[in-house]
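The values are calculated or read from the model by the stated rules, or taken from the named source; none is laboratory data. What you see is a predicted model, and the numbers here were worked out from it, not measured in a lab. Here the Cβ positions follow ideal geometry from the backbone for every residue, glycine too, while neighbour counts run over all protein chains shown. The accessibility values were calculated without ligands, DNA or RNA, using every heavy atom of the protein model including side chains. Shrake-Rupley method; radii C 1.70, N 1.55, O 1.52, S 1.80 Å.
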There are 2 protein chains.
Amino acid sequence: MTLSEEDYIKAIYHLGKGENSMVSTNEVAEQMRTKPSSVTDMIKKLSEKGVANYRKYKGVCLTEHGQKLALTLVRKHRLWEVFLVDKLNFAWDEVHEVAEQLEHIKSEKLTDRLDKLLGYPEVDPHGDPIPSKTGEFKKAVKKLLNEVPVGASGTCVGVKDSSAPFLKFLDKNKIALGDAITVLEKEEFDGSLHIEVKGKSIHISNQIAANLYLKITE
Amino acid sequence: MTLSEEDYIKAIYHLGKGENSMVSTNEVAEQMRTKPSSVTDMIKKLSEKGVANYRKYKGVCLTEHGQKLALTLVRKHRLWEVFLVDKLNFAWDEVHEVAEQLEHIKSEKLTDRLDKLLGYPEVDPHGDPIPSKTGEFKKAVKKLLNEVPVGASGTCVGVKDSSAPFLKFLDKNKIALGDAITVLEKEEFDGSLHIEVKGKSIHISNQIAANLYLKITE
DNA sequence: ACAAATATTTAGATTTGCCTAAATTTTAAT
DNA sequence: ATTAAAATTTAGGCAAATCTAAATATTTGT
C-alpha cells in the first residue's frame, strides 16, 4: 500500500491531539502501519514542502499551513460521513472506510456545496465536531460516559479501550455500539454509575464509564 | 502524473467504442497523454491480471471481466455527474473533472445508494446513458445535430470537433454549450439545417451539424 | 553518570510506473 | 514484392515510496 502525503498529514494531526504537539516517528509509523524509516523519509519531504516542522530525533509537528490542510481533510471526512448517514442511509458505524476515500477528493466547490446540502452540520455521526470552512470548531457532542451529567442521554458511539476483554465485558452487559443510554445516578465515593440501556437499569464502574463514548442528544 | 489501472481500463473501453474492438498502443498512449512504451508495460500487466487480452503488435481489448470493470466505472462516473448537477447545483459542464475523481471510490453500497437517491437516472447531464447495476444500457439521448429529426429540441451538450477554428465558428454564430436548440427545417440536397438558437433562426451546414451534440429533450 | 534498552536515522535494495533510445515488426507506397 | 514509413516492443534508467539491516542518538534504570 502506498500512502499519500495527506495520509501522513492526517496521522500527524490526530496524534498531535488537535493541539499541535510534537509526535514521534514511531507513533506515526505504528498509526499508519508502516516502518519508522519510511516515516522519516516522508517527514523530511513534508518538512521541505513547508507542511511540517521536523527536528531530527525530536519528532514532528505541523506548520500553520499543514494544520490548515489537516483541518480541511477532517472537514471533508466528517461531512462525507454525514452525507452517507443522512442522505444514503448508511449506519453510523459503517461510514468510516468510505469517508476515508472520499476525503481525498479535491474540489473546494464540492465540499462547500455538500456542506450546504447537509444543512451546515456541526457534528458528524460519531459526535465529533466538523470544522467550518474557515477552520473553526464547535464543541464536541461526544463525551466519555463518566463525564456525562446525571439525567443526560445519548448514543453509544465508540470505545476508548478496544481491547478484547473490554469488548467482552460490554457484550456480557448487553451494551452495544448504537445503544441509547441514559445516566440515572452517579455514586459520589467511587464514581460508579447507574445507567439505563435498552429499558434495563444497570450499574457500571467508573473504569468502564471512562472508556465509553456517548454522543449526547439531550 | 501516475495513472491507475482503472484509468487504462477506461481508456481501452472508450476507444473500443462500446463494441469491444481491438485498440492500438498508440491510440491508448495519445488518449492518456503518456508514451507508447508505458502503455505496453501496463497492458501486459492488465493482461496477466485477466482484465485485458493483448497480442503483441496487434493491440488490446478488454476481457469480459475487464468490460464489467469498465462499465462499473462508467456507471459511477455518470451517477456522480448527475449527483453534482441535481443535488449540488453544479453546471453540467463543470462536473467532469470532479466525477473523474469520484468514480474511483470503491464501495458498491455507495454506488447503489447513490443511484437510489438520484431516482435511478438513465442518462447523465451530457445525455449519455448510465449503465444499470447489471451493466445494461438504455439508449443515449444524445445525438449529433445532423441526426436530429426536424421539429425536435435539445440542449447543446458537446462538440465532436474541439479544434480552435470550429469553436471560433460557434462563437461567431452565437452558439454556446448549454444553449437550447430546435431544428426548424432540413435542406434535402446538402443536409444543411435551419435551427433556432436563443430566439434567432440561423442556417448551418451539415458539416457543422455533424460536430455538435444535442441532448434531446422533446 | 553509565550501561542497557529504546528510538531514530542512514544506507542500500526493491518495486512500480514512466521515460528515452534502439531494435523489431507491421503497414503502405511504388 | 520490396522498401520506406509508421507503429510497437525491448532494453536500460530514473524517481518515488517502501523495506531491511546497520549505525547512531536518546532515554531509562540503577
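Could you please find all residues in region B:52-75 being more than 18 Å from the chain's Cα centre (by Cα) and open to solvent by 10 Å² or more (accessible area, probe 1.4 Å)? Don't jump to the end; show me each part of the working.
As a first pass, look at region B:52-75 and keep what is more than 18 Å from the chain's Cα centre (by Cα): B:52-66.
Listed by number, the residues that qualify are B:Asn53, B:Tyr54, B:Arg55, B:Lys56, B:Tyr57, B:Lys58, B:Cys61, B:Thr63, B:Glu64, B:His65.
Taking A:Glu81, is it assigned to a helix (DSSP H, G or I), closer than 19 Å to B:Leu118 by Cα and under 14 Å from the mean Cα position of the chain (by Cα)?
Details: assigned to a helix (DSSP H, G or I): yes; closer than 19 Å to B:Leu118 by Cα: yes; under 14 Å from the mean Cα position of the chain (by Cα): yes.
Spelling it out, A:Glu81 is indeed assigned to a helix (DSSP H, G or I), closer than 19 Å to B:Leu118 by Cα and under 14 Å from the mean Cα position of the chain (by Cα).
Of all the residues that make up region B:41-70, how many are under 16 Å from B:Leu15 (Cα atoms), of a type in the set (Ser, Thr, Tyr) and within 12 Å of DNA strand D (Cβ to nearest atom)?
Number of matching residues: 1.
Just name the residue that is most open to solvent (accessible area, probe 1.4 Å) out of those in region B:84-102 that are part of a helix (DSSP H, G or I) and hydrophobic (A, V, I, L, M, F, W, C). Lay out the reasoning, then the answer.
Here is the first cut: in region B:84-102, the residues part of a helix (DSSP H, G or I) are B:84-86, B:92-94, B:96-102.
This time we only want the ones that are hydrophobic (A, V, I, L, M, F, W, C), so: B:84-85, B:92, B:98-99, B:102.
Values: B:Leu84: 0, B:Val85: 35, B:Trp92: 50, B:Val98: 10, B:Ala99: 0, B:Leu102: 0 Å².
Here the residue is B:Trp92.
Does region A:160-207 hold any residues that are of a type in the set (A, V, I, L, M, F, W, C) and open to solvent by 100 Å² or more (accessible area, probe 1.4 Å), and which are they? Walk me through it before giving the result.
Initially, region A:160-207 is screened for residues of a type in the set (A, V, I, L, M, F, W, C), giving A:164, A:166-167, A:169-170, A:175-177, A:180-181, A:183-184, A:189, A:193, A:195, A:197, A:202, A:204.
A:Phe189, the sole residue that qualifies.
Can you tell me how many residues within region A:38-51 are open to solvent by 80 Å² or more (accessible area, probe 1.4 Å) and near DNA strand C (Cβ under 10 Å from one of its atoms)? Spell out the reasoning first.
Initially, region A:38-51 is screened for residues open to solvent by 80 Å² or more (accessible area, probe 1.4 Å), giving A:41, A:44-45, A:48-49.
This time we only want the ones that are near DNA strand C (Cβ under 10 Å from one of its atoms), so: A:41, A:44.
Of the residues in that region, 2 qualify.
Among the residues of region B:1-20, write down those that are within 14 Å of DNA strand C (Cβ to nearest atom) and either closer than 15 Å to B:Lys44 by Cα or open to solvent by less than 80 Å² (accessible area, probe 1.4 Å) (or both).
First, pick out the residues of region B:1-20 that are within 14 Å of DNA strand C (Cβ to nearest atom): B:1-12.
Answer for region B:1-20, where residues must be within 14 Å of DNA strand C (Cβ to nearest atom) and either closer than 15 Å to B:Lys44 by Cα or open to solvent by less than 80 Å² (accessible area, probe 1.4 Å) (or both): B:Leu3, B:Ser4, B:Glu5, B:Glu6, B:Asp7, B:Tyr8, B:Ile9, B:Lys10, B:Ala11, B:Ile12.
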